[in-house]
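Here's the structure we're looking at; comments come further down.
The values are calculated or read from the model by the stated rules, or taken from the named source; none is laboratory data. Note that this is a predicted model, so its numbers are computed, not measured. Here the Cβ positions follow ideal geometry from the backbone for every residue, glycine too, while neighbour counts run over all protein chains shown. Side chains included, ligands, DNA and RNA excluded: accessible areas come from the protein's heavy atoms. Shrake-Rupley method; radii C 1.70, N 1.55, O 1.52, S 1.80 Å.
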Amino acid sequence: MTWRFLRVAPLEISLRDPRRSLLLMATVGFVCGLVSLLLAAETSLLGIVTSFDTPSVGRSLLPLDPADPQLEYALGRAYKGTNPAEGVRHFRRAVELSPYSRRYWSHLGSACESAGDAQCAVQAWERVLQLCPMVPLYHWRAAQSYLAANRQDESVAQFRRLLQLDPGYASATWVSLQPALEPDAIFQKMLADRTDSAIKVDFVDFLSDEGNNDAAYRV
């Protein structure tokens, strides 16, 4: 942002004349000082853009650079706790301006969940998975968003992929699926075709701990 406003014309001064040498040194010092001031001002503005806590500060900065995704992202975060719908609006604008930012999309997904917009959350987490398909946490969030949107098959598919990437999510997966599916259905959809016995034993132990010994015995 700074450099396009700074144009320094070529300066030719003979160093044989001491007065001209002093002029050259003074000119170079002035230019360096001006550059330092401009960089300091830009750094200060960048700090404000990324660190403000109240939406009013962000709104005052927005006219200065309405196409800055970082500013829209910061506004989304500032609104998230007080006005979820407005937070969603700014996060949407951030991903429009920077469609390959995993951070912006993941915050949009969380904001959509807070605003009760299940479809918006699904779309956001789907995009996050396109950008980062090997991160277990994002499969977890996508699975939860599908559950909230009553899209059970897609949710199960994400939970299956999640447990392939990180079996440590097993217990949390059973807890999430228990209200939506019967134990036998969970076993058939999630575990029947798996060859590793450890995760099946984990599910049986989970059912036993829940007091559902009949289901534990059947599976």
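Values computed for the structure shown
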read-out	value
³J(HN,Hα) computed for each position of the range 183-195 - Karplus, 6.51 cos²θ - 1.76 cosθ + 1.60, integer Hz, glycine/proline x	x, 5, 5, 4, 4, 5, 7, 9, 10, 4, 9, 8, 8
Accessible-area composition of the range 72-219, carbon plus sulfur, in percent [1.4 Å probe]	47 percent
Förster-model FRET efficiency, 22 Å R0, Glu182 and Glu154, C-beta, rounded to 0.05	0.70
Heavy-atom accessible area per residue - the range 82-219, 1.4 Å, Å²	51 Å²
Along principal axes, Cα extents of the range 88-175, largest first, whole Å	36, 24, 17
Unit charges at the beta carbon, dipole of the range 54-211: most positive-side option, Asn83, Pro69, Ser110	Pro69
Leu64-Arg103 FRET efficiency (beta carbon distance; Förster radius 22 Å; 0.05 resolution)	0.50
Surface/4 of the Cα convex hull for the range 125-219, nm²	5.7 nm²
Length added when fully stretched, Val57-Asp193, from 0.36 nm per residue minus Cα-Cα	43.5 nm
Positive minus negative residues near Val88 (Lys, Arg vs Asp, Glu; Cβ under 14 Å)	0
